[in-house]
Amino acid sequence: MQEHPNYQDILLVGGGHSHAIVLQMWAMNPLPGARLTLVSPQVQTAYSGMLPGMIAGHYSLEETHIDLARLCRAAGARFIQACAHEIDSENRRVSLLGRPPVEYDLLSLDVGATPARELPGSELAVPVKPIGHFYRFWQKLQKQIGESDSIFRLGIVGGGAGGCELAMAMAHTLQDALNRERVEIHLIHGSAAIPQGYPALARKRVTREMRKLGVQLHPNWSVSEITEQGVVSATGDCLPLDQAILTTNACAPPWLANSGLSLDEQGFVRVDQTLCALGREDVFAAGDVASFTPEPLAKAGVYAVRQGPILFHNLRAVLTGRRLKRYRAQKNFLSLLSCGGQRAVAVRNGFAVAGDLMWRWKDYIDRSFMQRFSELPMDMIGETRIKPGEVVNQRAGSSLSPMRCNGCGAKVGADTLRRTLATLPLQHSDYLLRGVGDDAAVMELPADHLLVQSSDQLRAPVADPWIFGRLAALHALSDLFAMNARPISAQILATLPTAAEEITRRDLQQLLAGAIHELNRHHCVLSGGHTAEGSEMLMGLTVNGLAEREQLLEKTGAHGGDCLILSKPLGVGTILAAEAAGEAKGLWLQQALETMLHSNADAAEIFARHRARALTDVTGFGLLGHLLEMLGPDGLGATLIAEALPLIAGAATCVERGWLSSLQPQNASAYAFVENPLEWQPLPQWSLLTDPQTCGGLLAAVPVDQAEACVGALLQRGYTQAAIIGVVTSAPDSGVSVHLRKSADWRALLSQGSEALQSQA
């Protein structure tokens, strides 16, 4: 629910350290009237200070990454998982891959840097950034080396602090697990100073630690080319390698080149001491992507962390008319370099000390930093503390009347609607004669088909309006797919939170674009609709489809002995409940959304092709409720197999911790039809039987001779967790009942026969 109308959009592009600090501070003190949105291709962002420790095996992936989705939830910010690829600074718009652009009033960039790929053959090497890709490579590499009997030669190109730490971490892990003779670690650097940029005593300490671990140093080795055989120096010498890793000088993301922003020679955004992009009052940059004038800083995480509070203040100051703060980089700061094992080198003011005490000191600092994100109280949301004079400046023409009239259904303004519709993709229909723009839609339908209609409405389960539009459309269309009907048209009822006109237009454009994205994918035309203002974002769709009478499928009609097949995993309800409480991991939510956004259209076609006798979609009543609807009228029962039920990652954990959907208690009445509840109640699958699903999968009763081929077809079409979850049986005299088995083979259940199953019950 929205407490305050929004007047200004702050867009954060990139999940770097500075933006993480901004979100953490915003969670403790939000600014009413300003809406914060984070765009990041990943739901987790790595903390660079702990990455060597992760490679060395001291930390898990979760311990070294900040959960951006959860952090946004705590800050009341929107999270959009997408890759930015273009900035239109004149029209204040950021283009995203695979979805509509996002508009902003204030933009901040913290997109980091990537190792330069200027070397010929650099595509043969693996860059250390982005970290998520590198970590997956590292896992595969360890397995590859462990399964090989030959010597493996690994080279790290770049002798800065990051390259040295990486070389020592890899040497520690590989040579602990394997014999030193089987793995060679080479550190290759173009100058004599290793690590580059450090005083002589520090270089001596670090070099000694590397040699203890068997790292072979190659100073003054200027790499001119990377080949499949190894790296070639400027003098023509070749160092044989099986794999090269790049930790060389950083370069800016190439898509910034056409942004219209002032960039330095390496493509980084030039900023002044307030972190404001030169020549722009509405664009900020921080972290590695920022280039200070006249003297750029080194690309180091410590600077990005210190810039976070300055960026937080200045973003608010621009919107409230307050004075901006200046960032002053520390000339001398403590540097702690990991040395593979639980040792580190501490460097400051030219002095350097190595030892395990230094590592414990570093470990304490790093864990303390991460704790501020992992233990952020979710009840901070709404505890707004506004400093004197800190009020968001409203843009011209954006003021709201003190009382919003509900006349004419509280419609969104005509100009807002007109401008929004003008940006939407063109649509074509063979059946629609009159549509958007007329008072009502007019359709001409073929005489030999049945018209199938359905309506559905959702509250926004996510803050991203484009994703919500897609979910709402798929959820409504699923009812047509469950009857093997082909969608042809849809009408939308959309409610937008009260906001300034520009904010409303942006939200409506994203919402409708998301819905049309899915409608177009299914050759379904938007024929009209209605918009309104309210307290929260809602969307409902009435969808129409065509079906041939002989091909129409219904939820009833199953036969005893049929196999029950579920196309998608369970757990949407419990994960969304955990997310609403601020407890869901970003990766859980990501996998839930991937499941929800997988259309049921292909599954419906596959079920029809494999002669499904009954078909329904699993939505609000949960699997058990919809199964009982399938069985009830025909006097049938069913046996379900607990271990066969596919679950979304994290769903079992959410249930065990008590995060259940608000609809779960009503769905629990279906448990009365379970014959043997005591055997299942300790299992997480018990609660997930009644977990309400949004955009859930299809449940089908398929003849046994078609079941395995049907599941195989579903798996090939991308339904990676499709499974036979049980069989249809004859019901006892008392009526419909469901028998539950913890583990069983569905073939054995069929061979036992219904009488044997009843005697076991």
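For the range 252-349, the solvent-accessible area with a 1.4 angstrom probe is 45 square angstrom per residue.
With contributions of -39500 (n - 2.57) from each DSSP H run of at least four residues, the per-residue ellipticity at 222 nm computed over the chain stands at -10000 deg cm²/dmol.
For residue 554, the accessible surface of its heavy atoms amounts to roughly 100 Å² (probe 1.4 Å, protein chains only, rounded to the nearest 10). Among the GluC sites (Glu not before Pro) within the range 1-90, those in coil by DSSP and having at most 12 neighbouring Cβ atoms inside 10 Å are 3, 90.
Relative to the current alpha-carbon distance between residue 211 and residue 656, full extension at 0.36 nm per residue lengthens the span by 155.3 nm. Here the calculated FRET efficiency for residue 743 and residue 193, from their Cβ-Cβ distance with R0 = 60 Å, stands at 0.45, rounded to the nearest 0.05.
Placing +1 on the Cβ of every Lys and Arg and -1 on the Cβ of every Asp and Glu, with nothing else charged, gives the chain a dipole about its Cα centre of roughly 2960 debye. All distinct Cα pairs of the range 25-182 go into the 1/r average, and the inverse of that average, the Kirkwood radius, is 18.6 Å. From the alpha carbon centroid of the range 34-103 to that of the range 120-140 is 20 Å. Given a Förster distance of 22 Å, report the FRET efficiency between residue 200 and residue 220 from their Cβ-Cβ distance, rounded to the nearest 0.05. Efficiency, from the Cβ-Cβ distance: 0.85. Taking 7 Å steps out from each Cα toward its Cβ at residue 255 and residue 709 produces label points 4.5 nm apart.
When 182, 99, 486 are compared by accessible area at a 1.4 angstrom probe, the order from most to least is 486, 182, 99. Distance between the pseudo-spin-label points of residue 237 and residue 548 (7 Å out from Cα toward the beta carbon): 7.5 nm. Of the peptides 157-167, 281-291, the ranking by mean beta-carbon count within 10 Å, highest at the top, reads 157-167, 281-291.
Axis angle, to the nearest 10 degrees, between helix 465-481 and the longest C-alpha principal axis of the chain: 30 degrees. Ordering 546, 466, 481 by Cα displacement along the dipole of the chain toward the positive end leaves 466 in first place; charges were set at the Cβ atoms of Lys, Arg (+1) and Asp, Glu (-1). Per residue, the accessible area of the range 154-210 comes to 34 Å² when a 1.4 Å probe rolls over the protein heavy atoms.
Nearest 10 degrees is fine. How inclined is helix 704-716 to the longest principal axis of the chain, computing both from alpha carbons? Taking the Cα atoms of the chain, the angle to 704-716 is about 30 degrees.
Against the chain, whose longest principal axis is taken from its Cα atoms, helix 586-596 shows a tilt of about 40°. Counting every pair of alpha carbons in the chain, the share spaced more than 53 Å apart comes to 21 percent. In a simple Cβ point-charge model (Lys, Arg +1; Asp, Glu -1; nothing else charged), the range 496-619 has a dipole of about 400 debye relative to its Cα centre. Taking the 1.4 Å solvent-accessible surface of the range 671-734 as the whole, the part contributed by carbon and sulfur is 51%.
At a Förster radius of 35 Å, what calculated FRET efficiency corresponds to the Cβ-Cβ distance of residue 361 and residue 643, to the nearest 0.05? Step by step, r from the Cβ atoms, then E = 0.15. When peptides 568-580, 310-322 are ranked by their average number of other Cβ atoms within 10 Å per residue, the highest-first order is 568-580, 310-322.
Using a simple spin-label model with pseudo-atoms 7 Å out from Cα toward Cβ, residue 182 and residue 150 lie 1.5 nm apart. Take the range 493-559 with all the other protein chains still there, run a 1.4 Å probe, and you get 34 Å² of accessible area per residue.
When you count the other C-beta atoms within 10 angstrom of each residue and take the mean per peptide, 471-482, 66-77, 268-279 line up highest first as 471-482, 66-77, 268-279. Diffusion of the range 5-68 by Stokes-Einstein, at 25 °C in a medium of 0.890 mPa s and with Rh set to the Kirkwood radius over alpha-carbon pairs, works out to 186 µm²/s.
The values are calculated or read from the model by the stated rules, or taken from the named source; none is laboratory data. Since the model is a prediction, treat every value here as computed from it, not as a measurement. Every residue, glycine among them, receives a Cβ derived from its backbone with ideal geometry; neighbour counts consider all protein chains shown. In case anyone asks, the SASA skips ligands and DNA or RNA and just uses the protein heavy atoms, side chains included. Shrake-Rupley method; radii C 1.70, N 1.55, O 1.52, S 1.80 Å.
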